[in-house]
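Worksheet for the structure shown next.
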Amino acid sequence: MDEGLRKRKSEDKGREDGQSIQSHEPQKTNLQKEVGLISGICMIVGTIIGSGIFVSPKSVLANVEAVGPCLTIWAACGVLATLGALCFAELGTMITKSGGEYPYLMEAFGPIPAFLFSWTSLLVTKPSSFAIICLSFAEYASAPFYPGCDPPQVVIKCLAAAAIVVITLVNSLSVKLGSYLQNFLTAAKMIIVTIIIVSGIVLLAQGKTENFQDSFKDSKISVSSISLAFYNGLWAYDGWNQLNYITEELKNPYRNLPLSIIIGIPLVTVCYVLINVSYFTVMSSTELLQSQAVAVTFGDRVLYPASWIVPLFVVFSTIGSANGTCFTAGRLVYVAGREGHMLKVLSYISVKRLTPAPAIMFYGAIAIIYIIPGDIETLINYFSFAVWIFYGLTILALIVMRFTRKELKRPIKVPIIIPVIVTLVSIVLVLAPIITAPELAYLYCVLFILSGLIVYALFVHFKFDWPQKISKPMTMHLQMLLEVVPAEEV
């Protein structure tokens, strides 16, 4: 063991002060604290801003049918994401474990809700989202080579699989490398964000304001339409909680976690609102709804003959979002393996690089599987449904622990009204699509989540260990090939 790692372990141990869930993790895991404030902000901004805001913001407009309510929804979604992230900041500084919602649900409600979260996230929401982001990248990257027609599906899927492999390898090799790549790609996507915003402001200054006149006229305002508009808007904001997945790798998390949230998410909100203002400056509501790729249409009208930079930077944007998703979700796999809720080998750490390489590679492999089917759009359409079930449970965990775990140190303590509001909104977001547009897919989603109870009973509660025995030869090969060992041996 090198001197720096030994020193870091000693410092982490000295900070424990007997707090069972707040400080024991560093002694066990030894993941490097490589992510500072700037990298934390970039992780949030880079993960949230993906392809959505550039490709299809029309989904929000389609539900409210007017410019004014549309812009209001985008701003309100940013406020909700910020409030939710502040609740996660309290949880993240109270329970300084990586893994996002997983350790919070474990501490508040026990292993069963935590297992159901990891079961759903590891096998559906996280890898399928990663796959869709990489498919979006592949479509934009291959489009210039097939002018006038759609690229072949085999090309798109192969390119998406290649992107997953490269991103997985980068994050397996080095925390710093993955963090630096995220910083670069975030900077790149902020360039196109700035170009679109500045172009819109210039056009507004020149008097192109006709699309904002009577902006609330003919709007469709109802509980169902607003709920569905929020659903679509919050999809674009998804990723606001990503920093909680790498709490153990944050430098000074008590300071950098809340600061990254307070700076990062409002920055994204301002960008989203201003980008939509720019779109509406150039396009009417009808034209925007008819556009297949809003940012490309904007580029063709405003940036020609340099409109090619829009698809180029959308490629940067999608790769940045995919990299941030892989960087954080790999830690969830790692923590689940460490807690005995997944194969033990997934909790192993690379000796040389101090990264959870097996967990990241497992995550990448599952994502590649999701590329193979012809259509996984239906699954992604119900991503938010599953995600907000667990967001709501996690925020509820914060409220519960205010009464059941009063002894825990809380470096950040948000007013109780904030988690109450977010919990109530989560309930509405989960129930609204079922009530307004009931479909069997929601039932399938719930049944899949509950099927995790069978897996938990067999392999966690009754401890059937044949999966561990079957995986033992693979574990030995991985130890030799990747030079990985159990975290406690590092």
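When the residues of segment 164-179 are filtered to those that are in a helix (DSSP H, G or I) and modelled with pLDDT under 80, the one that is nearest to Ser350 (Cα to Cα) is Val175.
Quick one: is Gln213 farther than 21 Å from Glu287 by Cα and among the polar types (S, T, N, Q)? Criteria not met by Gln213. For segment 280-294, the candidate set comprises residues that are under 27 Å from the mean Cα position of the chain (by Cα) and among the aliphatic types (A, V, I, L, M); within that set, the residue that is modelled with the lowest pLDDT is Ala293. Restricting segment 142-176 to residues that are hydroxyl-bearing (Ser, Thr, Tyr) and buried (at least 16 other Cβ atoms within 10 Å of the Cβ), the residue that is nearest to Ile368 (Cα to Cα) is Thr168.
Residue-level check: of (1) more than 20 Å from Ile261 (Cβ to Cβ); (2) in contact with a strand residue (DSSP E or B) (Cβ under 9 Å, 6 or more places away or on another chain), Cys134 misses just (2). Among the residues of segment 189-197, some residue qualifies, meaning at least one is modelled with pLDDT under 85 and in a helix (DSSP H, G or I). Applying a threshold of 7 Å to beta carbon distances and a minimum spacing of six or more residues, or different chains, the list of pairs starting in segment 352-374 at a residue that is open to solvent by less than 60 Å² (accessible area, probe 1.4 Å) and at pLDDT 85 or above and ending at one that is among the charged types (D, E, K, R) and not in a helix (DSSP H, G or I) is empty. Taking each residue of segment 427-439 that is free of Cβ contacts under 8 Å to residues at least 60 places away in the same chain and farther than 11 Å from Phe230 by Cβ and looking for partners that are assigned to a helix (DSSP H, G or I) and open to solvent by less than 80 Å² (accessible area, probe 1.4 Å) with beta-carbon atoms closer than 7 Å, six or more apart or interchain, yields Ile427/Gly392; Val430/Phe385; Val430/Trp388; Val430/Ile389; Val430/Gly392; Ile434/Tyr442. The residue of segment 426-436 that is farthest from Ile389 (Cα to Cα), among those that are of a type in the set (A, V, I, L, M) and open to solvent by less than 40 Å² (accessible area, probe 1.4 Å), is Ala432. Restricting Ala229, Ala236, Ala205 to those that are surrounded by fewer than 23 Cβ atoms within 10 Å (Cβ to Cβ) and hydrophobic (A, V, I, L, M, F, W, C) reduces the list to Ala205. Among the residues of segment 239-265, which ones are among the hydrophobic types (A, V, I, L, M, F, W, C) and crowded, with 21+ Cβ neighbours inside 10 Å? Those that are among the hydrophobic types (A, V, I, L, M, F, W, C) and crowded, with 21+ Cβ neighbours inside 10 Å: Trp240, Leu243, Ile246, Leu250, Leu257, Ile261, Ile265.
Which pairs do you get when a residue that is on the phi > 0 side of the Ramachandran plot, found in segment 216-233, comes within reach of a residue that is open to solvent by less than 40 Å² (accessible area, probe 1.4 Å), reach meaning Cβ atoms under 7 angstrom, with the pair 6+ apart or on two chains? Final answer for the pair search is Asp218/Ala66. Criterion first (loosely packed, with under 14 Cβ neighbours inside 10 Å and more than 23 Å from Gly52 (Cα to Cα)) does Gln213 satisfy it? Spelling it out, Gln213 is indeed loosely packed, with under 14 Cβ neighbours inside 10 Å and more than 23 Å from Gly52 (Cα to Cα). Per the listing Pro473, Pro433, the residue uniquely out of contact with any helix residue (DSSP H, G or I) (no Cβ under 9 Å at 6 or more places or on another chain), in a helix (DSSP H, G or I) and at pLDDT 65 or above is Pro473.
Selection of first residues in segment 53-74 that are polar (S, T, N, Q) and of second residues that are in a helix (DSSP H, G or I), restricted to Cβ pairs under 7 Å at least 6 apart or on distinct chains, gives the following pairs, ordered by first then second residue: Ser56/Val294; Ser59/Asn232; Asn63/Ser225; Asn63/Leu228; Asn63/Ala229; Asn63/Asn232.
All conditions in (1) under 15 Å from Ser321 (Cβ atoms); (2) open to solvent by 70 Å² or more (accessible area, probe 1.4 Å) hold for Val198, with the sole exception of (1). The single condition among (1) at pLDDT 85 or above; (2) within 25 Å of Asn183 (Cα to Cα); (3) of a type in the set (Asp, Glu) that Glu210 does not satisfy is (2).
Picking from residues in segment 80-125 that are open to solvent by 10 Å² or more (accessible area, probe 1.4 Å) and part of a loop (DSSP other than H, G, I, E, B), the one that is nearest to Val425 (Cα to Cα) is Gly110. Residues considered: Leu267, Leu312. Of these, the only one that is assigned to a helix (DSSP H, G or I), touching a residue at least 40 places away in the same chain (Cβ under 8 Å) and not polar (S, T, N, Q) is Leu267. Quick check, is Phe54 modelled with pLDDT of 85 or more, within 18 Å of Asp238 (Cβ to Cβ) and surrounded by 21 or more Cβ atoms within 10 Å (Cβ to Cβ)? So Phe54 fails the test.
Test Ile262 against the stated conditions and say whether it is modelled with pLDDT of 85 or more and under 26 Å from the mean Cα position of the chain (by Cα). Considered against the rule, which asks whether it is modelled with pLDDT of 85 or more and under 26 Å from the mean Cα position of the chain (by Cα), Ile262 comes out as yes.
Evaluate segment 405-420: report whether one residue or more is open to solvent by 80 Å² or more (accessible area, probe 1.4 Å), in a helix (DSSP H, G or I), closer than 26 Å to Asn232 by Cβ and not small (Gly, Ala, Ser). No: zero hits.
Cβ-Cβ distances below 6 Å connect the following pairs, each with a first residue in segment 453-472 that is within 15 Å of Leu346 (Cα to Cα), a second residue that is in a loop (DSSP other than H, G, I, E, B) and modelled with pLDDT of 65 or more, and a separation of six or more residues or different chains: Ser471/Leu343.
The values are calculated or read from the model by the stated rules, or taken from the named source; none is laboratory data. Here the structure is a predicted model, which is why all the values come from computation and not from measurement. Reconstructed Cβ throughout: ideal geometry from the backbone, glycine too, with neighbour counts over all protein chains shown. For accessibility, only protein heavy atoms count, side chains too; no ligands or nucleic acids. Shrake-Rupley method; radii C 1.70, N 1.55, O 1.52, S 1.80 Å.
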